[in-house]
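In what follows, a single structure is set out as structure tokens and then discussed.
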Amino acid sequence: MPGDLRAMASCVRPGMRIALPVDYAGVSMAMTRPLIENGAGDLHLVCVPTGGLQVDQLIGAGLVAMVETSAVSLGEAGGAPRFNQAVKDGTIRLRDATCPAIHAGLMAAQKGSPFLSIRGLIGSDLLRHRDDWRVIDNPFGAGGDPVVLIPAITPDIAIFHAPLADRFGNVWIGRRRELAAMAYASALTLVTVERIVSRNLLSDETTAAGTLPALYVAEIAEAPRGAWPYGLWGEYATDTAEIMRYASAARSAEGFAAYMAAGAGVQA
């Protein structure tokens, strides 16, 4: 079920909750400009479990109303400038979380449960800022054993990039199980890939265990080097120099606009 990037981006509508992966897990940078051109705003981004360049560019384009994340940064290039400025200016809402809390919310959705309990947040001041989290006493304990209830995170759409898919719509994600969690929890999953192969990935013992079945994938588009300037495992390394170039340009709104208008960050 191959598609094209613009058609896939048109699935995103204003106000949707969008799940995006951490920088090393297969960010679909190829979808960033189509999403900006699509223009659907007021988005609620869920970073799984942290965000980076794609999140920063969507914020810089004015499409984001809320970010739920445990961090947003550009790694070696430092802070994410458009995110940082938006937080300072109060133009986006920030739902501060932790990595385990993000994963717990997705796991709850995957299991069809309204919540999942975790302990690691006990004693954290995050609990003062998240009125959607609940602290209860362990109902199976003898008392005095608090746990935190994390509500299910149910994105409207998950978007990521992977090395390959097959013509049946199955997608190979290898060990990146967070991508599977995103797909299981989301109503729709949009995937860009380096290439589409003719063989059935689920029929091959060497790829089956790391393959996301087509049942969980709505659309696939071929986009060679679609994670660039991020790297993709087993395919190519991160272009740190390009990310640093973006970080320098995007320190101002004018620099960000010039970078995007010039087509910078788009690899031929």
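What number comes out for the charge environment of Cys11, summing +1 per Lys or Arg and -1 per Asp or Glu over other residues with Cβ under 10 Å away?
Within the 10 Å Cβ shell, the charges total -1.
Provide the FRET efficiency to the nearest 0.05 for the Leu127-Arg177 pair, computing r from the beta carbons and using R0 = 41 Å.
After rounding to 0.05, the efficiency reads 0.90.
For Ala80, what residues show an amide H to amide H distance below 5 Å, using hydrogens built from the backbone and excluding near sequence neighbours?
Under 5 Å from the amide H of Ala80: Leu74.
May I ask for the equivalent-ellipsoid semi-axes of the chain, computed as the square root of five times each C-alpha gyration tensor eigenvalue and listed largest first in whole Å?
Values for the chain, descending: 29, 25, 15 Å.
Taking a ≥ b ≥ c as the square roots of the eigenvalues of the Cα gyration tensor of segment 38-173, is the shape rounded (a/c under 1.5), prolate (a/b larger than b/c) or oblate?
oblate
Going by a ≥ b ≥ c, the root eigenvalues of the Cα gyration tensor, does segment 105-254 fall in the rounded group (a/c under 1.5), the prolate group (a/b larger than b/c) or the oblate group?
Cα axes put segment 105-254 in the oblate bin.
Taking amide H positions as placed in the peptide plane 1.01 Å from N, state which residues far from Ser117 in sequence (5 or more) or on other chains have amide H under 5 Å from it.
Ile150
Given labels modelled 7 Å from the Cα in the Cβ direction, how far is it in nm from Asn200 to Ser248?
Result: 5.2 nm between the two label points.
Please compute the net charge surrounding Met244, taking Lys and Arg as +1 and Asp and Glu as -1 over other residues with Cβ under 12 Å from its Cβ.
Residues close to Met244 contribute a combined charge of -1.
Give me, ordered by chain and number, the residues 5 or more places off Asp145 or on other chains with an amide H under 5 Å from its own placed amide H.
The list, which skips near neighbours in sequence, is Asn138.
Between Ala261 and Asp42, what is the spin-label point distance in nm, taking each point 7 Å from the Cα along the Cα→C-beta axis?
Inter-label distance under the simple model: 2.8 nm.
Assuming 0.36 nm per residue, please report the length gained on full extension of the stretch Lys111 to Arg6 beyond their Cα-Cα distance.
My answer for the length gained is 34.6 nm.
With r defined as the distance between the Cβ atoms of Met66 and Ala187 and R0 fixed at 22 Å, what FRET efficiency is calculated, to the nearest 0.05?
0.80
Could you work out the local net charge near Gln110, counting Lys and Arg as +1, Asp and Glu as -1, over the other residues with Cβ closer than 14 Å to its Cβ?
+1
I need the peptides 226-234, 124-132 ranked by packing, meaning the mean over residues of other C-beta atoms within 10 angstrom, with the highest value on top.
226-234, 124-132
Can you tell me the FRET efficiency between Tyr236 and Asp137 if r is taken as the Cβ-Cβ distance and R0 is 41 Å, rounded to the nearest 0.05?
Given R0 = 41 Å and the Cβ-Cβ separation, E is 0.25.
For Phe256, what accessible area in Å² do you get when you roll a 1.4 Å probe over the heavy atoms of the protein chains, rounding to the nearest 10?
Solvent-accessible area, nearest 10 Å²: 20 Å².
What part of the accessible area of segment 1-56, given as a whole %, is carbon or sulfur when the probe is 1.4 angstrom?
The C+S portion of the solvent-accessible surface of segment 1-56 is 52 percent.
The values are calculated or read from the model by the stated rules, or taken from the named source; none is laboratory data. On a predicted model such as this, the values are computed, not experimentally measured, just so you know. Because the Cβ atoms are built from the backbone with ideal geometry, glycine has one as well, and the counts that use them run over all protein chains shown. For the accessible areas, the whole protein counts, side chains as well, though only heavy atoms, and no ligand, DNA or RNA atoms are used. Shrake-Rupley method; radii C 1.70, N 1.55, O 1.52, S 1.80 Å.
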